[in-house]
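The block underneath contains the structure these notes are about, expressed in structure tokens.
The values are calculated or read from the model by the stated rules, or taken from the named source; none is laboratory data. Computed from a predicted structure; not experimentally measured. As a convention, Cβ positions derive from the backbone with ideal geometry for all residues, glycine included, and neighbour counts pool all protein chains shown. Please note that ligands, DNA and RNA were not included when accessible areas were found on the heavy atoms of the full protein model with its side chains. Shrake-Rupley method; radii C 1.70, N 1.55, O 1.52, S 1.80 Å.
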Amino acid sequence: MLTAPELLWLLAAVAKGDEAAFARLYTATRAKLYGVVIRILRRQDLTDEVIQETYLKIWRSAGQFDPLRAAPISWMVAIARNRAIDIIRRRKETSIEEEPQAMEVATDSPDPLARRELSEELQRLLACIGRLPAERQRLVLLAYYNGYSRERLAAELDTPINTIKTWLRRSLLDVRECLEHD
Amino acid sequence: MTDEDFDALAAEYVLGTLTSEERDTVEQLAAKDAGYADRIAAWERRLGTLEAMVDPIEPPVELWMRIRASIVEIRPDAALRLPEVVEAVAPREILDDGNVVVLSQRVRRWRMVSTLTGAVAAVLALGIGLSRYQPDMLPTALRPPVRTQIVEVVRQAPPAPVPPAPTPARFVAVLQRDASAPAFLLTVDVDKRTLTVRRVANAPESGKSYELWLVSNKFPGPRSLGLVGGAEFSKPTLASYDPATISDATYAVSLEPAGGSTTGAPTGPVLFTGKLVEAVPPPAP
């Protein structure tokens, strides 16, 4: 992964119509975005579509990226995630699970953190999420990484939907408060 | 609605838990009110760092060709304004080795972080629903382990040696645009490195040519195999490629000006793509 200043340089070039820069940006970021989206959509064909739309949007609106407001990779991931959530919210989740392409593959993933170093910002966020009761930590993480709806979260945590709604609202506000007072 | 309610709504929008009707409402609010769009941006920034924990997964090679085709003739909306305080640096090389960010250690926080990282690991370990027929999609850590079987040799009767199944020499590819009608049929003899292309689609309009490309992770860009489709059968050459590259590559046909692309890369839209499959299945043992 390139650093933020390098991604920013590429975005500025893309905003001027530089196709070679766009190709380099794609090479540097495609796998991250693909990994984020496929966790949510669980289907390769839909993920391909979303990634294609995402990069088209990046091509068009690179000039609107505000470097003071976000990190380049977060901006790109947000575009991709947003589109993926749009799609999965419009389809009923049960129908996606019934479709043969979406098979759950149980995997033995090694500790994903072993070979990573965490940025200062990420550490602070994890610390704040870590202050939530264990169930609500899981709630926030399942929602973010897997794109689960409230219904799916209610099923996963064996908790009524109204409670889930309350927990989500409260947990997010608590995380915000924690980040602001850190 | 209180200020907190507004903010919680923006937070849930970014997190992804709103229904699609609620999402529509939020998007309309953000379109009318720049302050609300700012709230959403603030939540994207707060939660956005979580992406660092997600394993990268390589998309299919041909996705890039579709993206390239879709940006042709679309101009970016506006130039990016770079504020002076922010640094932009030309990248020297592309590194595809995941996220490594230098950090400063804060011991006070570390205890909290290390308990949560277990929770994150548990969520990420849930695995993602991918067809089991595409194990290459998964990052190395997640691929199903190769199973080796140890066969006991019975002493009394040494087993007759089993001849290895002959590798099928002939492969075919159907080049088509998604699920629509096939346009080109390729027949490849991997050992002899011959390729026959039969055009099934209509001949290209006058002033245009179809050009065939070999797309492989081994090369930075597609490699031209020449023009196809002028006559019904053509014989481009694969002589300069090794059998592994030939059999794993994606083949694509783009629409170029008459005579083909002059740049060494596709300049026109990529209309049809396909991969090789075995024409003759190996005989049963």
Peptide A:173-181, shielding by other chains (average Cβ, 10 Å cutoff): 2
Interface area, A with B, accessible, probe 1.4 Å, both sides summed, Å² nearest 100: 10200 Å²
All lysines inside 28 Å of B:Lys235 as judged from Cα atoms, apart from same-chain residues fewer than 8 positions distant: B:Lys192, B:Lys208, B:Lys218, B:Lys275
Where labels lie 7 Å past Cα in the beta-carbon direction, separation of B:Ser206 and B:Arg75 in nm: 3.3 nm
Cα gyration tensor shape of segment B:1-102, rounded if a/c is under 1.5, else prolate or oblate by comparing a/b with b/c: prolate
Projected label distance in nm at B:Thr267 and A:Thr159, using a 7 Å step from Cα toward the beta-carbon: 6.0 nm
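Based on the Cβ-Cβ distance of A:Thr166 and A:Lys57, what FRET efficiency does E = 1/(1 + (r/R0)^6) give at R0 = 25 Å, to the nearest 0.05? Mind dumping the intermediate values first?
On the way: r = 34 Å, r/R0 = 1.36.
Given R0 = 25 Å and the Cβ-Cβ separation, E is 0.15.
Using a 10 Å cut-off around each Cβ of peptide A:2-10, what is the average number of partner chain Cβ atoms that fall inside? Kindly include the intermediate steps, with their values, before the conclusion.
On the way: counts 7, 7, 5, 6, 9, 3, 6, 7, 4.
Counting Cβ atoms of other protein chains within 10 Å of each residue's Cβ and averaging gives 6.
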With every protein chain in place, segment A:19-74: carbon and sulfur % of accessible area (1.4 Å): 49 percent
Packing-based order for A:70-81, A:23-34, using average beta carbon neighbours within 10 Å, highest first: A:70-81, A:23-34
Lysines whose Cα lies under 30 Å from that of A:Lys165, excluding same-chain neighbours fewer than 8 positions away: A:Lys32, A:Lys92, B:Lys32
